[in-house]
Amino acid sequence: MNQLLQNDLNQLDAILEKTKQQGLSYTHQLNTRPTSTRTIITKKDTLNPEGLGALGALEAFNERLEPLMVASSGPRYWGFVTGGSTPGAIVGDWLATVYDQNTQSENGNGDNSAKIELETIQLLLDLLELPKEYLGGFVTGATMSNFTALAVGRQWLGKQKGIDIAKEGVTPNLKVLTATPHSSALKSLALLGMGSNNFIKIKVLEGNREAIDPVDLEQKIMALEGAPFILISSGGTVNTVDFDDFEAISKLREKYAFWWHIDAAFGGFAACSPSHKHLLKGWEGADSITVDCHKWLNVPYESAVFFIKEKHRKLQVETFQNSNAPYLGDPLENFTYLNFLPENSRRLKALPAWFSLMAYGKNGYRDIVENNIQNALQLGAFVETNPLFEILAPVRLNTVCFSLAGTENQENVNIFLKKLNDTGKVFMTPTVYNGKKGIRAAFVNWRTSAHDIVEVTQLMETLAKA
Ligand SMILES: *Cc1c(COP(=O)(O)O)cnc(C)c1O
């Protein structure tokens, strides 16, 4: 064995102890550590013939790179839709690294850890109150989940036209209908060779809405004259968290054949809130659903799941079959994840989610979700009552979409946001809604408190006055 590796093995206790201390110190400082950094890396490290050993590498990291780490898993990082890591999730994530399984099968093709992944999917279906008719799996994020689901949808579309797209390649004229898709759904269409511009846009409902107008949807369907299509619907749009009417879509489903996909990356967690779960009514009719875990489940990046109806198992295998591996047996009988999703080798991605779900249960997640809804309502109430600001859309769940008051202030919105983010006390992201420059704050972190909102609103007021 190489000498440095041997030394590290001999002092593994000390190495891991030091790493643990560092992790603890970051976690304890999440409340005070800046949410943005101005650190610039001047000198680049080069690969030396001689290594530094693990502790030497840790020193090198701490000297130059550690200051780049912002408090993105802390309570006042409201940009994008950034979750955090519960203590349970950290345990699972550390152990996933230590055990380093290659998660594929449940029946003894070497590693059996897919059993844990399948079990975690069941826990998630319980949490989200979805029927057990879904086969699910873990991927890196909602983008890959959308991609996976839409790939099976594409295979379904081809089948309606008598083409096996997985084998024969993409055929033109595949129809997609959608109203307010997330950019990652369009990116998926690009990757699938279907074209990110190549969709029919359904009208949204009137009055500050981003949800599908079911009447227009039916008209667009009739105009297709029976051609098969994919419907990409939203279980929480990213700007204003608007939900499509899944009951209305279910009714159309009885009349017309289509692949129904729901992107519920974070909105799916409305299922955890007794007061908001009605937003998802009827979603169990979808063929495929995307849910992110590194957002509201509060497990670390990278973690998301797809749910695809079990009845589409054959289509899913056709889409992802690793066909030249006869030693794996019949893919419909010998379950292994590599025939059901894009990756072959993969880590035990489910473990952080398994630990967090076991650790906090249904009530724990209800409390996280309800608390974040309160956070959003509190900020929303401030924005609505303070003359310096204006709300751009009603607070429907956990996101506040707002701007500086007055058209004359439109050019100052991004300057204001930069000043706010530069304080390092809070981080939010810019957006454009209804032609207006706005700011978006999304609440999905388990540590955010009413006190954090007060602190930030005071800061907002001071900066907007200046
Ligand atoms: C965040 C998000 C995505 C993309 O998710 P990633 O985890 O960043 O890949 C897709 N759809 C919606 C609605 C989202 O909020």
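Restricting the search to the range 162-194, which residues are open to solvent by 50 Å² or more (accessible area, probe 1.4 Å) and either under 22 Å from Leu217 (Cβ atoms) or within 18 Å of the chain's Cα centre (by Cα) (or both)?
Once the filter is applied, which keeps residues that are open to solvent by 50 Å² or more (accessible area, probe 1.4 Å) and either under 22 Å from Leu217 (Cβ atoms) or within 18 Å of the chain's Cα centre (by Cα) (or both), the range 162-194 yields Asn173, Lys175, His182, Ser183, Lys187.
Taking the condition over 29 Å from Leu95 (Cβ atoms) and at pLDDT below 95, does Asn334 pass? Break it down into steps so the answer makes sense when it comes.
On the way: over 29 Å from Leu95 (Cβ atoms): no; at pLDDT below 95: yes.
Answer is no for this residue.
Regarding Ser36, is this residue part of a loop (DSSP other than H, G, I, E, B) and within 16 Å of the ligand (Cβ to nearest atom)? If you could, list the steps in order and put the result at the bottom.
On the way: part of a loop (DSSP other than H, G, I, E, B): yes; within 16 Å of the ligand (Cβ to nearest atom): no.
Answer is no for this residue.
When the range 177-209 is examined, which residues are found to be touching a residue at least 40 places away in the same chain (Cβ under 8 Å) and over 15 Å from Leu150 (Cβ atoms)?
Initial filter on the range 177-209 (touching a residue at least 40 places away in the same chain (Cβ under 8 Å)): 177-182, 184-185, 187-188, 191-192, 194, 208.
Across the range 177-209, the qualifying residues are Ala179, Thr180, Asn208.
Just to verify a result, which residue in the range 413-444, among those that are touching a helix residue (DSSP H, G or I) at 6+ places or on another chain (Cβ under 9 Å) and among the polar types (S, T, N, Q), is surrounded by the most Cβ atoms within 10 Å (Cβ to Cβ)? Before the answer, list the steps.
Here is the first cut: in the range 413-444, the ones touching a helix residue (DSSP H, G or I) at 6+ places or on another chain (Cβ under 9 Å) are 416, 419-420, 423, 425-430, 436-439, 441-444.
Retained after the next criterion (residues that are among the polar types (S, T, N, Q)): 423, 429.
Numbers: Thr423: 15, Thr429: 17.
So the residue we want is Thr429.
Any residue that is more than 16 Å from the ligand (Cβ to nearest atom), surrounded by fewer than 20 Cβ atoms within 10 Å (Cβ to Cβ) and part of a loop (DSSP other than H, G, I, E, B) - is there at least one of those in the range 280-302? If you could, list the steps in order and put the result at the bottom.
Quick first cut of the range 280-302, residues more than 16 Å from the ligand (Cβ to nearest atom) only: 281-282, 284-285, 287.
Filter again for surrounded by fewer than 20 Cβ atoms within 10 Å (Cβ to Cβ), leaving 281-282, 284-285.
If we keep only those that are part of a loop (DSSP other than H, G, I, E, B) as well, we get 281-282.
There is at least one residue in the range 280-302 that is more than 16 Å from the ligand (Cβ to nearest atom), surrounded by fewer than 20 Cβ atoms within 10 Å (Cβ to Cβ) and part of a loop (DSSP other than H, G, I, E, B).
Is one or more of the residues making up the range 311-330 within 16 Å of the ligand (Cβ to nearest atom) and either in contact (Cβ under 8 Å) with a residue 24 or more places away in the chain or in contact with a helix residue (DSSP H, G or I) (Cβ under 7 Å, 6 or more places away or on another chain) (or both)? Reasoning before the result, please.
In the first step, residues of the range 311-330 are kept if they are within 16 Å of the ligand (Cβ to nearest atom); the result is none.
Looking for residues that are within 16 Å of the ligand (Cβ to nearest atom) and either in contact (Cβ under 8 Å) with a residue 24 or more places away in the chain or in contact with a helix residue (DSSP H, G or I) (Cβ under 7 Å, 6 or more places away or on another chain) (or both), one finds none in the range 311-330, hence no.
If the requirement is being more than 17 Å from Glu129 (Cβ to Cβ) and in contact with a strand residue (DSSP E or B) (Cβ under 9 Å, 6 or more places away or on another chain), which of these qualifies: Leu279, Leu217? Give the derivation first.
Numbers: Leu279 fails: more than 17 Å from Glu129 (Cβ to Cβ).
Only one candidate passes the filter, namely Leu217.
With the condition kept exactly as written, say whether any residue in the range 343-353 is within 16 Å of the ligand (Cβ to nearest atom), under 24 Å from the mean Cα position of the chain (by Cα) and over 15 Å from Ala114 (Cβ atoms).
yes
Mind listing just one residue for me: the one in the range 101-147 that is in a helix (DSSP H, G or I) and within 16 Å of the ligand (Cβ to nearest atom) and, of those, surrounded by the most Cβ atoms within 10 Å (Cβ to Cβ)?
Ser145
Checking Glu225 against (1) closer than 27 Å to Leu125 by Cα; (2) charged (D, E, K, R); (3) more than 12 Å from the ligand (Cβ to nearest atom): exactly one of these is not met. Which one?
Failed condition: (1).
Search the range 148-158 for residues being open to solvent by less than 10 Å² (accessible area, probe 1.4 Å) and either of a type outside the set (Gly, Ala, Ser) or closer than 13 Å to Lys175 by Cα (or both), and hand back the single one that is farthest from the ligand (Cβ to nearest atom). So that I can check it myself, show each step before the final result.
First pass over the range 148-158, keeping only residues open to solvent by less than 10 Å² (accessible area, probe 1.4 Å): 148-153, 155, 157-158.
With either of a type outside the set (Gly, Ala, Ser) or closer than 13 Å to Lys175 by Cα (or both) added as a condition, the list becomes 148, 150, 152-153, 155, 157-158.
Values: Thr148: 11, Leu150: 12, Val152: 17, Gly153: 16, Gln155: 21, Leu157: 21, Gly158: 24 Å.
Among them, the one singled out is Gly158.
Looking only at the range 371-404, how many residues end up being open to solvent by 20 Å² or more (accessible area, probe 1.4 Å), of a type outside the set (D, E, K, R) and within 28 Å of the chain's Cα centre (by Cα)? Walk me through it before giving the result.
To start, the set of residues in the range 371-404 that are open to solvent by 20 Å² or more (accessible area, probe 1.4 Å) comprises 371, 374, 377-378, 381-382, 384-385, 387-388, 390-391, 394-396.
Those left that are additionally of a type outside the set (D, E, K, R): 371, 374, 377-378, 381-382, 385, 387-388, 391, 394-395.
From the residues that got through so far, the ones that are within 28 Å of the chain's Cα centre (by Cα) too are 371, 374, 377-378, 381-382, 391, 394-395.
The qualifying residues number 9.
Just checking, how many residues over the range 230-248 are in contact with a strand residue (DSSP E or B) (Cβ under 6 Å, 6 or more places away or on another chain) and surrounded by fewer than 23 Cβ atoms within 10 Å (Cβ to Cβ)?
Here the count works out to 1.
Conditions (1) open to solvent by 80 Å² or more (accessible area, probe 1.4 Å); (2) closer than 30 Å to Ser449 by Cα, marked per residue:
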{"residue": "His28", "(1), (2)": "yes, yes"}
{"residue": "Thr32", "(1), (2)": "yes, yes"}
{"residue": "Glu50", "(1), (2)": "yes, no"}
{"residue": "Arg64", "(1), (2)": "no, no"}
{"residue": "Val81", "(1), (2)": "no, yes"}
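The values are calculated or read from the model by the stated rules, or taken from the named source; none is laboratory data. Just so we're clear, the structure is a prediction, and the values are computed from it rather than from any experiment. Using ideal geometry, Cβ is built from the backbone for each residue, glycine included, and neighbour counts are taken over all protein chains shown. Remember, those area values only see protein heavy atoms, side chains included, never the ligands or the DNA or RNA. Shrake-Rupley method; radii C 1.70, N 1.55, O 1.52, S 1.80 Å.
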